[in-house]
Amino acid sequence: MTLDQLIAKVDEVKPNAFSNDRKTDWVNEVEGMVQTQAFLLAPAEFITYTYDTDKDHELLVTPPHDKLYAPYLEAKIDYANGEYEKYNNSMQMFNSFWGEFLRWFALVYRPADTHGEVYI
């Protein structure tokens with residue numbers, strides 16, 4: 001999924017007044033988590049997006065685990081709008097998908113072993 005596809009998907013189900021640049025900042029938060037907590041990259045290796053330049057860029061997490069992006073973006077919209085109950089629900093979904101992704105990634109790639117091999 002590209003950055004633009006994600007933002008369009010979220011905008012369709014949760015209309016909002018936030019700019020694509022703001023939503024890209026929020027996507028960068030998730031990508032930062034992926035890079036630090038799953039890929040174990042050093043800060044010098046991080047990638048970040050700007051909407052105008054990177055809207056057609058593929059996000060780091062691929063199907064079926066790319067489902068974690070939408071609830072995070074929805075949660076940030078809810079929080080910014082002061083809709084805290086909706087925020088909590090969206091974050092619960094994100095946390096569930098995030099945990100699922102981390103468990104899968106650690107099992108398949110074993111990033112702490114510093115091997116580039118797939119183990120399944």
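The values are calculated or read from the model by the stated rules, or taken from the named source; none is laboratory data. This structure is a prediction, so every number in the text was calculated from the model and none was measured. No Cβ is skipped: glycine too gets one built from the backbone with ideal geometry, and neighbour counts run over all protein chains shown.
Summary table
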item	result
Among the residues listed as LYS55, LYS86, LYS23, the single one being among the basic types (Lys, Arg), modelled with pLDDT of 95 or more and touching a Ser or Thr at 6+ places or on another chain (Cβ under 9 Å)	LYS55
Residue that is of a type in the set (Gly, Ala, Ser) and over 24 Å from VAL13 (Cβ atoms), where the choices are ALA70, ALA112	ALA112
Residue list for region 1-29, restricted to those being in contact (Cβ under 8 Å) with a residue 60 or more places away in the chain and either touching a His at 6+ places or on another chain (Cβ under 7 Å) or among the small types (Gly, Ala, Ser) (or both)	none
Extreme residue, farthest from ASP78 (Cα to Cα), among residues of region 15-44 that are surrounded by fewer than 17 Cβ atoms within 10 Å (Cβ to Cβ) and in contact with a Leu (Cβ under 8 Å, 6 or more places away or on another chain)	PHE39
Criterion: at negative phi and touching a Gly at 6+ places or on another chain (Cβ under 9 Å) - qualifying residue of THR36, THR62, THR48, THR53	THR48
Of all residues making up region 45-94, the number that are part of a helix (DSSP H, G or I), of a type outside the set (A, V, I, L, M, F, W, C) and surrounded by fewer than 17 Cβ atoms within 10 Å (Cβ to Cβ)	11
Selection count where residues are over 11 Å from the mean Cα position of the chain (by Cα), touching a residue at least 24 places away in the same chain (Cβ under 8 Å) and assigned to a helix (DSSP H, G or I), scope region 30-44	2
Verdict on GLU100 being assigned to a helix (DSSP H, G or I) and under 14 Å from the mean Cα position of the chain (by Cα)	yes
